[in-house]
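Report on the following structure.
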Amino acid sequence: MAHDGVKHDYHLVPASPWPLFGSFAAFVLTAGGVMWMKGIFGEPKHTWWMVAAGFVLVLITMYCWWSDVVKEANAGDHTPVVSIGLRYGMILFIASEVMFFVAWFWIFFEMALFHHVRTLSPIDDVANAWKTWPPKGVEAVPPFELPLVNTLTLLTSGTTVTWAHHALQTGDRKGAKIGLLLTVLLGMLFTSIQAFEYHHILTDHLFYNPESTNSGLYGSAFFMATGFHGFHVLIGTIFLIVCLIRLMNGGFTPTKHFGFEAAAWYWHFVDVVWLFLFTFLYFTFGAGWGK
């Protein structure tokens, strides 16, 4: 079936080293993260070389693997049947990401509503838990300062990426380039603001209170959710930069642009997750409305 003379709607991918190489890169990056946070293999905490090596290997995997997929698309291998498979694959990938954040929200609500000792009725338990979350002595990030700016930034980026997608569908390549460039810049702005917010939290020790046994729960939940979301924003920004480069080099047509479409789906997913994080992590619980 793989012979050149056989004509069919399916594309048989040649043997590729990138799934195995990418798994190794992910392992190095994970082990490097543990080394930086805890110290392993005889190395002390904050040893950065392994996490840097893992990050570089992941970038190499992304570049080489995406390059192969782009070459397949340019060669006409992405037939309508193959395109359906690509769409299903992207949908399932985003669904798996959704389930990760669903799991996080589950445990966050569990900690927020039932973190104290249960001595009263269930209704009183929840009411009193609401009043003591975040834990005593933990100063939450004000929701209507940097978090609100970041919310408006991401919502605006969702608008610009939709503009770019619509412009590409109608053959307006100039509009598509402008919209995509603005989306990339807004993604970079979001990451910069979040880095500044992290610096402020760590410098002022907002989430640390040695007298509270639950302060670590709130801080861990905050950094887990916003950190993973920030990493998704970084990956999505790289995804969009690749699409912008392809667009600048003459790639994509009004009918053949699934790479850009997949990037837009991913970006909208990032937007929606942030809205939930802002609503519950910053606004509902972080602002201490139950106090």
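The values are calculated or read from the model by the stated rules, or taken from the named source; none is laboratory data. What you are looking at is a predicted structure, and each value in this text was computed from that prediction instead of being measured. Positions of Cβ are backbone-derived with ideal geometry, glycine not excepted, and every protein chain shown enters the neighbour counts. Ligands, DNA and RNA are stripped out before the accessible areas are found, and what is left, the full protein with its side chains, is counted by its heavy atoms. Shrake-Rupley method; radii C 1.70, N 1.55, O 1.52, S 1.80 Å.
Annotations
- The gain in end-to-end length when the ASP77 to ALA103 segment is fully stretched comes to 5.6 nm, 0.36 nm per residue minus the alpha carbon separation.
- Region 15-70 - percent of accessible surface contributed by carbon and sulfur, probe 1.4 Å: 78
- For region 135-190 and region 46-114, distance of Cα centres in Å: 20
- Evaluating 6.51 cos²θ - 1.76 cosθ + 1.60 at θ = phi - 60° for every residue in region 27-40, the Karplus couplings come out as 5, 4, 5, 5, 4, x, x, 5, 4, 5, 7, 10, x, 9 Hz, glycine and proline recorded as x.
- Bins of 10 Å, starting at 0 and running to the largest distance - Cα pair percent for region 225-264: 30, 43, 19, 7
- 3J(HN,Hα) along region 162-177: 5, 4, 4, 5, 5, 4, 5, 5, 9, x, 8, 5, 5, x, 5, 5 Hz, from the Karplus curve 6.51 cos²θ - 1.76 cosθ + 1.60 with θ = phi - 60°, whole Hz, x for Gly and Pro.
- Computed E for GLU43/LEU148 - FRET, C-beta separation, R0 35 angstrom, nearest 0.05: 0.30
- Computed over neighbours whose Cβ is under 15 Å from that of GLY32, the net charge equals +1, Lys and Arg +1, Asp and Glu -1.
- Multiplying the residue separation of PHE93 and SER23 by 0.36 nm and subtracting their alpha-carbon distance yields 23.6 nm.
- FRET E, pair ILE84, THR253, Förster distance 22 Å, beta-carbon r, rounded to 0.05: 0.75
- In terms of its C-alpha gyration tensor, region 18-101 comes out oblate, because a/c is 1.5 or above while a/b does not outweigh b/c.
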